[in-house]
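J.: Just passing along the structure, written as structure tokens.
The values are calculated or read from the model by the stated rules, or taken from the named source; none is laboratory data. Note that the structure is predicted; figures quoted are calculated from it, not measured. As a convention, Cβ positions derive from the backbone with ideal geometry for all residues, glycine included, and neighbour counts pool all protein chains shown. Surface areas here come from the heavy atoms of the whole protein model, side chains and all, with no ligands, DNA or RNA. Shrake-Rupley method; radii C 1.70, N 1.55, O 1.52, S 1.80 Å.
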Amino acid sequence: MDNNIIHEDNKKVIEFLKKNPRLTNGPQVKKFEEKWSNWLGVKYSVFVNSGSAANLASISYLRTKYNDGEIIVPTITWVSDILSVFYNNFKPVFVDINKDNLAINEDLIEKAINKKTRAIFLTHVLGLNGLTEKIINLAKKNNLYLIEDVCESHGASFRNKKVGTYGDISNFSFYFAHHMSTIEGGMVCTNNREIYERIRIIRGHGLLRETSNLKLKKSISKKYNRLNNEFLFIYPGYNLRSTEINAIYGLNQIKRLDRNNNIRKKNFEYYLKNLNNKKYFINFNLHGSCNYAFIVLFNKEYQNLTFRNKFEKILRKNNIEFRRGLSGGGNQTLQPYKKYFKNKIKIVGKLPVTNIVHNYGYYIGNYPTLKIKKIKKICNILNSV
Ligand SMILES: Cc1ncc(COP(=O)(O)O)c(C=O)c1O
């Protein structure tokens, strides 16, 4: 991956610092939240200090509604999606993914739903859209929260609307390699005022004073009149705030987000066109996709350790950085961290696609400064394995 932060962004930060402003969460953060809401097409956004913080805040919101229950998650996702479920006393219920969009399988979601289910927490993987009509309807019909992890898919769309606008809550990351960067950072987005207010409170230690709803503030303060209303911790919260400096990066980066996304999309299309489709799977569902990393998935005849070792050796020799297992390193159900939680994971159905991705799926960086000549070279090297 290349550095998303360029000289122009740093110049904006330097200009800002010259005014010797207060740097903790303030007017620049608010401005960035408003710009982001406009760009995405939602009413409210809350800027936090990472995509993982966004995940944690979202599931902590659910904890203010339920004491326990199950949350349906995909096996291919990031670790903080699952940890945020555990930390909030929910049980992660894993199901397999689809091969063509690498996202959670709608039929398996349907099988996994029961009386204890509270939410569907889907991940849009590497820029591909993971939403379907059926998933949206299943959430509605069963009265479940739909949470979208869009940390890898800023700008992807479903039915001509950006993903991240369909769920009750959606989460974004502005980490180094993602579509845009605020050094570290994340956003929680929603159209629901109640969710927005609670996420603001959860971001700021659980303090009531973080809400912008004055009526709510007054009524709750009255209820707890023996406590100082400046220090009324009403929900289990954290300090997930970001700073004015990160917001300045965000405000400058968002200006070129669409332009950069278009370059990345073209890069990905060119890459797929030049890849040997005998060796590698290329029939991804690209409807509404907004890629930020080249996906490599071996076809059936090449799913063996000899080909895999050769592949990795050749890429290393040519200094092509890669990650095996796609997002999060593959099958999350195999990771050791789960042993630290009293809730035991549940897996509904078998995991055939997950196992292929885990063993024979990779990603390679795709970024706006990547030249077509270099993409061609990468394809030639991959095809030579
Ligand atoms: C799907 C997904 N969700 C969440 C995250 C976490 O974001 P962050 O690194 O900003 O904490 C990542 C990884 O970076 C991710 O790929």
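J.: Under the Karplus relation 6.51 cos²θ - 1.76 cosθ + 1.60, θ = phi - 60°, what is the ordered set of whole-Hz ³J(HN,Hα) values for segment 107-120, x standing for Gly and Pro?
T.: Coupling constants for segment 107-120: 5, 6, 4, 4, 5, 7, 6, 9, 5, 8, 5, 10, 7, 10 Hz.
J.: Now for a different question. Set the bar at 27 Å for Cα to Cα. Now go through 111/339; 217/344; 134/350; 161/218; 273/317 and name every pair that lies beyond it.
T.: Table pairs above 27 Å Cα-Cα are 217/344; 161/218.
J.: Among rounded, prolate and oblate, which fits segment 28-134 when a ≥ b ≥ c are the square roots of the eigenvalues of its C-alpha gyration tensor, a/c under 1.5 means rounded, and a/b larger than b/c means prolate?
T.: oblate
J.: Among 227-235, 272-280, 18-26, how do they line up by average Cβ neighbours within 10 Å per residue, starting with the highest?
T.: Per-residue mean Cβ counts within 10 Å order the peptides as 272-280, 227-235, 18-26.
J.: Would you mind classifying segment 101-219 by shape? Square roots of the alpha carbon gyration tensor eigenvalues, ordered a ≥ b ≥ c; an a/c under 1.5 is rounded, otherwise it is prolate if a/b is larger than b/c and oblate if not.
T.: Because a/c hits 1.5 or more and a/b fails to exceed b/c, segment 101-219 counts as oblate.
J.: OK, next. How do the peptides 32-40, 317-325, 163-171 rank, highest first, by the average count of neighbouring beta carbon atoms within 10 Å per residue?
T.: Numbers: 32-40: 18.7, 317-325: 13.8, 163-171: 25.3.
Result, highest mean Cβ count within 10 Å first: 163-171, 32-40, 317-325.
J.: Turning to a different aspect of this structure: Would you mind computing, in nm to one decimal, how far apart the modelled labels at residue 14 and residue 209 are, each placed 7 Å from Cα along Cα→Cβ?
T.: 3.7 nm
J.: Compute the FRET efficiency between residue 233 and residue 343 as 1/(1 + (r/R0)^6), taking r as their Cβ-Cβ distance and R0 = 25 Å, and round to the nearest 0.05.
T.: According to the calculation, E is roughly 0.50.
J.: Give the shape of the chain as rounded, prolate or oblate, defined through the alpha-carbon gyration tensor: a ≥ b ≥ c are the square roots of its eigenvalues, a/c under 1.5 means rounded, and otherwise the shape is prolate if a/b is larger than b/c and oblate if not.
T.: Oblate, since a/c reaches 1.5 and b/c is not below a/b.
J.: Still on this structure, I have one more. At 1.4 Å probe radius, can you tell me the per residue accessible area of the chain in Å²? Before the final figure, lay out the partial values.
T.: Numbers: 17770 Å² over 385 residues.
Normalised by residue count, the accessible surface of the chain is 46 Å².
J.: Taking all protein chains in place and a 1.4 Å probe, what share, in percent, of the accessible surface of the chain do carbon and sulfur account for?
T.: With neighbouring chains kept in place, the figure for the chain is 51 percent.
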